[in-house]
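Since the structure comes first, as structure tokens, the remarks are kept for the end.
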Amino acid sequence: MDLSFTQEEESFREEVRSWLDENLPPEWGHRGVGGYREDDDEDLQRRWQRMLHEAGWLKLGWPKVAGGRGATPVMQAIYQEEMARAGAPEILGRLGVTLLAPTLLGHGTQWQKDEYIDRILSGDLVFCQGFSEPDAGSDLAGLRTRAERKDGRWVLNGQKTWSSGAHYADKSFLLARTSTQGEAHKGIGFFLVDMHQPGVEVRRIRQMTGGGEFSEIFLSGAEVDDRDLVGQPGDGWKIAMAVFGFERGGLAQAARFERAVGELAALARNHGAGSDATTRQRVAQAQIDAHVFKVIGLRNLTRVEHGHPPGPEASLTKLYWSEMDKRMQELAVALQGAYGALAPESPFALEDGRWQYGWMWSQAETIYAGSSEIQRNIIAERVLGLPRGR
Ligand SMILES: Cc1cc2nc3c(=O)[nH]c(=O)nc-3n(C[C@H](O)[C@H](O)[C@H](O)COP(=O)(O)OP(=O)(O)OC[C@H]3O[C@@H](n4cnc5c(N)ncnc54)[C@H](O)[C@@H]3O)c2cc1C
């Protein structure tokens, strides 16, 4: 395992840094803990996406034949690290850019690639993800939304939930049941659904952070053309698995956590808690956790560089960072004493309530993209070879 960077990689890092220095407006950087905030201003996120797209960053890892730069996994990790270090905001169409566009590249028809990919990257077309349902989250194959053929089109009826960004999305990549015969996961289709049609109703869900990033989607006779079915009517499960492969990424958060630990230590110092032995131990442990996370990320990167897919070990990464973040955020609110119990928007909340916000948000991290229990099941069965639980 080689953890050093080549000369070429170091120059690439310089290139990303100077682009950020010139283009990231200072007031856009470092929002929230470790520079991360999910409920950022939509307009800002849309403008940031356009800037990244125009500079070619959103196709960094794409093959050159597809108009990308063909960057190696290490270069992509460097890019992610520098974005996090600069505290760059999220992009509005992140689900379309990071999950759908690469999926279409592999599984879409030529028409779908021509119609959607450029508009997804530029932010002209924003997609949300319509997978989960009230009774189908971890057990996604149990989904019940129906897609039936009527007059040469697909007609969808059912309910989706927890769909991030559905309230501003133009389209959704959505799973619906095309057949109730045979095995559950073989009768699912992957559809691109227009969100601005009469058969689609979006109801926002208010979260405990006060934000409303996700929504319920009610489908009552929503229509989809054949050309917006990705793959065959029974291919949805296979395509969804490809989507998940893009979801459980690795090193991207390491720089964010390093920064968050620095902020945590400052919080401990500023509030006089730094001399307390237990607090010192906990802050030091957070530093160790963040460092271990970075090393795990580098090890995964080395595997990918040597042509090995991330594999079920990706579950270790997801489990590790999400549980670590919860511990860090919990320590931060504990350090604030009674102030830690204030709502983020309270005028008396310390540091604009960003730690309270971060603590509340971190509760979601061990649920989405596969909950901690599901990750532990995968590790037990597929990494350690333990028998399947009942
Ligand atoms: C912030 C956020 C954003 C999201 N965005 C989207 C989105 O854009 N699109 C979308 O489709 N979905 C989205 N989701 C939904 C997410 O994918 C689901 O919440 C997740 O899959 C868990 O499903 P569930 O909520 O139905 O919980 P359930 O699956 O009902 O699980 C409930 C509890 O039981 C545990 N459990 C379930 N099965 C097992 C098992 N076999 N063994 C052990 N324990 C088990 C779980 O770990 C959990 O603790 C989002 C969720 C969050 C929190």
Item checked: Among residues of the stretch 189-236, those that are under 21 Å from Leu99 (Cα atoms) and of a type in the set (A, V, I, L, M), counted -> 7
Check: Residue check: is Lys318 closer than 30 Å to Asp139 by Cα, of a type in the set (D, E, K, R), in the same structural domain as Glu258 (by TED's automatic domain parsing) and in contact (Cβ under 8 Å) with a residue 60 or more places away in the chain?
Finding: yes
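Can you list the helices (runs of 4 or more DSSP H) lying wholly within the stretch 302-390 that have 1 or more residues being within 16 Å of the ligand (Cβ to nearest atom) and within 22 Å of Ala242 (Cβ to Cβ)?
Details: elements: 314-335, 354-365, 372-378.
It comes to 314-335, 372-378.
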Next item on the list: Quick one: in the stretch 191-221, of everything that is in a loop (DSSP other than H, G, I, E, B) and small (Gly, Ala, Ser), which residue is farthest from the ligand (Cβ to nearest atom)?
Entry: Gly199
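Residue check: is Arg256 surrounded by fewer than 20 Cβ atoms within 10 Å (Cβ to Cβ), in the same structural domain as Ser371 (by TED's automatic domain parsing), assigned to a helix (DSSP H, G or I) and modelled with pLDDT under 90?
No: the conditions fail for Arg256.
Being away from the ligand (no atom under 16 Å from the Cβ) and of a type in the set (A, V, I, L, M, F, W, C) is the filter; apply it to the stretch 103-146 and report the residue that is surrounded by the fewest Cβ atoms within 10 Å (Cβ to Cβ).
Kept after step one, since they are away from the ligand (no atom under 16 Å from the Cβ), are these residues of the stretch 103-146: 104-119, 121-125, 146.
Next cut, of a type in the set (A, V, I, L, M, F, W, C) only: 104-105, 111, 117, 121, 125.
Details: Leu104: 21, Leu105: 15, Trp111: 10, Ile117: 23, Leu121: 25, Leu125: 18.
Selected residue: Trp111.
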Check: So which residues in the stretch 1-22 are at pLDDT 95 or above and among the aromatic types (Phe, Trp, Tyr), if there are any at all?
Finding: Phe12, Trp19
Check: Can you tell me which residues in the stretch 106-125 are touching a residue at least 60 places away in the same chain (Cβ under 8 Å) and in a loop (DSSP other than H, G, I, E, B)?
Finding: Gly108, Thr109, Gly123
Notebook entry, point to check: Which one of these does Ala273 not meet: (1) assigned to a helix (DSSP H, G or I); (2) farther than 19 Å from Tyr357 by Cα; (3) in contact (Cβ under 8 Å) with a residue 24 or more places away in the chain?
Noted result: (1)
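Here is a check on your reading of the model: is Ala166 touching a Ser or Thr at 6+ places or on another chain (Cβ under 9 Å) and either more than 15 Å from the ligand (Cβ to nearest atom) or not in a strand (DSSP E or B) (or both)?
Numbers: touching a Ser or Thr at 6+ places or on another chain (Cβ under 9 Å): yes; either more than 15 Å from the ligand (Cβ to nearest atom) or not in a strand (DSSP E or B) (or both): yes.
Criteria met by Ala166.
Specify which of the listed residues (Leu331, Leu342) is at pLDDT 90 or above, over 28 Å from Ser132 (Cβ atoms) and in contact with a Lys or Arg (Cβ under 6 Å, 6 or more places away or on another chain). Break it down into steps so the answer makes sense when it comes.
Values: Leu342 fails: in contact with a Lys or Arg (Cβ under 6 Å, 6 or more places away or on another chain).
Residue meeting the stated conditions: Leu331.
Residue by residue, here is whether (1) surrounded by 20 or more Cβ atoms within 10 Å (Cβ to Cβ); (2) without any contact (Cβ under 8 Å) to a residue 60 or more places away in the chain holds:
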position: Leu331; (1), (2): yes, no
position: Leu335; (1), (2): yes, no
position: Pro344; (1), (2): no, no
position: Ser371; (1), (2): no, no
position: Ile379; (1), (2): no, no
position: Arg382; (1), (2): no, no
position: Gly385; (1), (2): no, yes
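Within the stretch 137-155, does at least one residue satisfy the condition of being over 19 Å from the mean Cα position of the chain (by Cα) and within 30 Å of Trp48 (Cα to Cα)?
First pass over the stretch 137-155, keeping only residues over 19 Å from the mean Cα position of the chain (by Cα): 139, 141-155.
With the extra rule that they be within 30 Å of Trp48 (Cα to Cα), the set shrinks to none.
There is no residue in the stretch 137-155 that is over 19 Å from the mean Cα position of the chain (by Cα) and within 30 Å of Trp48 (Cα to Cα).
The values are calculated or read from the model by the stated rules, or taken from the named source; none is laboratory data. Quick caveat, the model's predicted, so the values are computed rather than measured. No Cβ is skipped: glycine too gets one built from the backbone with ideal geometry, and neighbour counts run over all protein chains shown.
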